[in-house]
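I have placed the structure first, in the form of structure tokens, so that the comments after it can refer back to it.
Every number in this text was worked out from the coordinates using simple rules, so none of it is lab data. The structure displayed is predicted, hence computed values, not measured ones. Positions of Cβ are backbone-derived with ideal geometry, glycine not excepted, and every protein chain shown enters the neighbour counts.
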Amino acid sequence: MALVARRADWRGLGIDLEQILSTERAARLAGEILTVTELERAAELTPSEFAKRVTLTFSLKESLFKGLYPLVRERFYFHDAELQAPDATGRASLKLLIDLHPDWPTGSTLPGYFVEFDGYLLSLVAIAN
């Protein structure tokens, strides 16, 4: 995959493609990927919905890292951001739980976009100028 945009419009772009996790694998990986709050929000989901939520969270956090790390040059991990309000239109946001840079302190939110197709999930985090 490749993603191209005008530098004048975008500070950072991150894209990720993941195969939807099996219910068993999602259950095993959830604690490594989801924060406590994300786990609580997903508690009422069916096993297949939960697997999709874990996949979505993983993919969006990967996209966040790919888009933001080149700008901050500070390593961060899955529990350093939290998925906020994914919706049926393919939009979500990610809230930072740590200070990464003066432009991205704790509590900053960055937009995410996603689409599911053929057993895969494609996500994008686009950081505007």
Considering only the range 76-125, state which residues are charged (D, E, K, R) and under 14 Å from residue 63 (Cα atoms).
80, 82, 91, 95
Just for the range 7-41: of the residues that are closer than 19 Å to residue 110 by Cβ and without any contact (Cβ under 8 Å) to a residue 60 or more places away in the chain, which one is surrounded by the most Cβ atoms within 10 Å (Cβ to Cβ)?
34
Leading residue by the ranking (farthest from residue 65 (Cα to Cα)) among those in the range 107-129 that are surrounded by fewer than 13 Cβ atoms within 10 Å (Cβ to Cβ) and either of a type in the set (Phe, Trp, Tyr) or touching a Lys or Arg at 6+ places or on another chain (Cβ under 9 Å) (or both):
117
Residues that are buried (at least 16 other Cβ atoms within 10 Å of the Cβ), free of Cβ contacts under 8 Å to residues at least 40 places away in the same chain and over 17 Å from residue 99 (Cβ atoms), drawn from the range 42-83:
42, 50, 51, 53, 54, 57, 61
Out of all the residues in the range 95-103, is one or more over 19 Å from residue 120 (Cβ atoms) and buried (at least 20 other Cβ atoms within 10 Å of the Cβ)?
yes
So residue 50 clears everything in (1) among the aromatic types (Phe, Trp, Tyr); (2) more than 11 Å from the chain's Cα centre (by Cα); (3) under 18 Å from residue 127 (Cα atoms) except one condition, right? Which one?
(3)
Which one of the conditions (1) within 20 Å of residue 3 (Cα to Cα); (2) of a type in the set (Gly, Ala, Ser); (3) in a loop (DSSP other than H, G, I, E, B) does residue 63 fail to meet, given that it meets all the rest?
(3)
For residue 3, only one of the following conditions fails: (1) without any contact (Cβ under 8 Å) to a residue 60 or more places away in the chain; (2) assigned to a loop (DSSP other than H, G, I, E, B). What is its number?
(1)
What is the one condition in (1) over 22 Å from residue 11 (Cα atoms); (2) touching a helix residue (DSSP H, G or I) at 6+ places or on another chain (Cβ under 6 Å); (3) part of a strand (DSSP E or B); (4) not β-branched (Val, Ile, Thr) that residue 53 does not satisfy?
(3)
